[in-house]
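For reference, the structure discussed in these notes is given below.
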């Protein structure tokens, strides 16, 4: 074998080897590209999911804050409406004709005192009215069940009375009566007044 043939064989071997190396490199490069693409896709999906969760969490927080603020405003509105209702009720009762007011107070006194004697604490402004009511009531009551005005302890505000006996007291001032009614009826009134807004909230 001459030198040319040896050179030719070496070149052919080198070319064959180079072709194999290039083919292997191309295959490795293609596989690496696929791996990198898969990694990039996975990272992109991870970042997307993380950002989506962040957005969802932020939305959830803002929604909770909004609902909390809206609930607070609604509660304030309900309370203001209820205060207004009972304030108007108090004004209407105070504006009753004296005869109507006296009749109601007489029934309340009969219920509070029963057959027990005692004294009524009233506002000085209403002393005359209650004096007339008690005169009427005392006509039908025994000596031990007589009722009188407690001159020493007048109420600071007009509207109703406090009955005081030797054994017990009964507060029938207008503020106390309305507070009791408010406590009893507020859930029902609130439900009637705000039924639509409560449905919207839900």
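A few notes on this one:
- Meets criteria (out of contact with any helix residue (DSSP H, G or I) (no Cβ under 9 Å at 6 or more places or on another chain), closer than 17 Å to residue 173 by Cα and either surrounded by 10 or more Cβ atoms within 10 Å (Cβ to Cβ) or not assigned by TED's automatic domain parsing to the domain that holds residue 165 (or both)) for residue 94: no
- Of the residues making up segment 111-129, those that are out of contact with any helix residue (DSSP H, G or I) (no Cβ under 7 Å at 6 or more places or on another chain) and without any contact (Cβ under 8 Å) to a residue 60 or more places away in the chain number 12.
- Within segment 144-153, the set of residues being assigned to a loop (DSSP other than H, G, I, E, B), over 13 Å from residue 131 (Cα atoms) and in contact (Cβ under 8 Å) with a residue 24 or more places away in the chain comprises 153 only.
- Candidates are the residues of segment 1-54 that are loosely packed, with under 10 Cβ neighbours inside 10 Å and assigned to a helix (DSSP H, G or I); the one that is modelled with the lowest pLDDT is 3.
The values are calculated or read from the model by the stated rules, or taken from the named source; none is laboratory data. Since the model is a prediction, treat every value here as computed from it, not as a measurement. Cβ: placed from backbone, ideal geometry, glycine included. Neighbour counts: every protein chain shown.
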